[in-house]
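In what follows, a single structure is set out as structure tokens and then discussed.
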Amino acid sequence: MKYILASASPRRRELIRTLGVDFEICPSDCPEVLEEGLGFDETVMGLARLKAENVFGKYGYEKDVLVVGADTIVVLDNRILGKPKDREDAFAALCAIRGRSHIVYTGMCLISNKDGKNNTILCYDKTEVFMTDIADDEIINYIESGEPMDKAGSYGIQGRGSLFIERIKGNYNTVVGLNISQLYNIMKRNNLL
């Protein structure tokens, strides 16, 4: 079986290694377009599907291929906090989530071509994250580190952002960007390992 991860995320790359199979990295080059009127679970699975389908289109003609796409969104007060556009945007996002909880959704899409049959599996997981009441100067210093700039919600739980996490309710790896135990169980159930 040929395994492909449709993501440029170094965090997802690191997590997927724990499966013990070699994944090629082929980031999707399709734009991430949010559809109106969908639930957050449908949104994150839809974004994961866009990425997986984009990459599967390049490899799907090969026999015994599995493409895994994933996407993560942060939701606060019923709205999505995406990756920050600039430092001001990161500051606003971190001010909004400090001292409160928010929900992180990670969706996955697995598309396989095994034994001549194509199969698509969609799933998601969500975790509630409780942030400490971060001071303005702490936020500014954190932004200066550059860590928030490529992350949904403007923080990384696996990096310096962990200093501001009081607790979580759910799966840690969902917040990182790939619920690896969920992925492993899906692959096992569907004979994709």
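So here's what we get for this one:
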| read-out | value |
| --- | --- |
| Residue under evaluation residue 43, criteria (1) surrounded by fewer than 21 Cβ atoms within 10 Å (Cβ to Cβ); (2) closer than 20 Å to residue 125 by Cβ, criterion not met | (1) |
| Every pair of residues 6+ apart whose Cβ atoms lie under 9 Å, when the first sits in the stretch 160-171 and is under 17 Å from residue 105 (Cβ atoms) while the second is of a type in the set (Asp, Glu) | 168/128; 169/128; 170/125; 170/128; 171/125 |
| Out of 120, 106, 174, sole residue that is closer than 22 Å to residue 28 by Cα, out of contact with any helix residue (DSSP H, G or I) (no Cβ under 6 Å at 6 or more places or on another chain) and not in a helix (DSSP H, G or I) | 120 |
| Members of the stretch 53-73 that are among the aliphatic types (A, V, I, L, M), farther than 17 Å from residue 15 by Cα and touching a residue at least 60 places away in the same chain (Cβ under 8 Å) | 65, 73 |
| Selection status of residue 14, free of Cβ contacts under 8 Å to residues at least 40 places away in the same chain, out of contact with any Phe, Trp or Tyr (no Cβ under 8 Å at 6 or more places or on another chain) and assigned to a helix (DSSP H, G or I) | yes |
| Subset of the stretch 76-103 (residues that are free of Cβ contacts under 8 Å to residues at least 24 places away in the same chain, on the phi < 0 side of the Ramachandran plot and part of a loop (DSSP other than H, G, I, E, B)) | 85, 86 |
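A quick yes/no check of all residues on (1) exposed (fewer than 15 other Cβ atoms within 10 Å of the Cβ); (2) more than 30 Å from residue 193 (Cα to Cα); (3) at pLDDT 95 or above; (4) hydrophobic (A, V, I, L, M, F, W, C):
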residue: 82; (1), (2), (3), (4): no, yes, no, no
residue: 101; (1), (2), (3), (4): yes, yes, yes, no
residue: 122; (1), (2), (3), (4): no, no, yes, yes
residue: 132; (1), (2), (3), (4): yes, yes, yes, no
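The values are calculated or read from the model by the stated rules, or taken from the named source; none is laboratory data. On a predicted model such as this, the values are computed, not experimentally measured, just so you know. Glycine also receives a Cβ, built like all others from the backbone with ideal geometry; neighbour counts cover every protein chain displayed.
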